[in-house]
1. State all residues of segment 28-48 that are in a loop (DSSP other than H, G, I, E, B) and either among the small types (Gly, Ala, Ser) or at pLDDT 95 or above (or both); if no residue qualifies, say none.
2. Return the only residue of GLU64, GLU57 being of a type in the set (Asp, Glu), touching a strand residue (DSSP E or B) at 6+ places or on another chain (Cβ under 9 Å), surrounded by fewer than 19 Cβ atoms within 10 Å (Cβ to Cβ) and at pLDDT 95 or above.
3. Since ASP80 meets every condition but one in (1) in a helix (DSSP H, G or I); (2) under 13 Å from MET45 (Cα atoms), which condition does it not meet?
4. I need the full set of residues from segment 92-113 which are in contact with a Phe, Trp or Tyr (Cβ under 9 Å, 6 or more places away or on another chain) and assigned to a helix (DSSP H, G or I), in order please.
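The values are calculated or read from the model by the stated rules, or taken from the named source; none is laboratory data. For clarity, every value in this text was computed on a predicted model and none was experimentally measured. All Cβ positions, even for glycine, are placed from backbone atoms using ideal geometry, and neighbour counts span all protein chains on display.
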Amino acid sequence: MPTTPSKNSKSKSSGASTQENRIIVENVNVPGYTTSLDATLYHAMRRALIKVLPSEEPGLTQTEMREAVISHLPEGLFPDGGKVGWWAKAVQLDLEAKRILIRENTKPLRWHQIPGD
């Protein structure tokens, strides 16, 4: 996922029309870096992840998350499940950075919602 140098950085593209319907996301693995993503796709995936991830351990593995969200995504946005894996990971990293999800110390890695969110 491309990143920009700071939380206050502007997207590499210019012009108001390219900034419409964008959302700035974080990456828990690279603190302080952000990137701009399509807001419609982001919010669809966020809703699906929140719907499928449990609020306590054991959470879901990356593979389980990717498979679980498919039935909760609009076909028009993710035709034939296309790019679901990339979007699930991008949103998962952002939600982790925002402390909405927590990474469990397991092998394989698992994630669940932080209780109360």
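1. Here is the first cut: in segment 28-48, the ones in a loop (DSSP other than H, G, I, E, B) are 28-33.
Within segment 28-48, just GLY32 meets the criteria.
2. On the way: GLU57 fails: at pLDDT 95 or above.
The conditions single out GLU64.
3. Every listed condition holds for ASP80 apart from (2).
4. Applying the first criterion (in contact with a Phe, Trp or Tyr (Cβ under 9 Å, 6 or more places away or on another chain)) to segment 92-113 yields 92, 94-96, 101-104.
Correct list: GLN92, ASP94, LEU95, GLU96.
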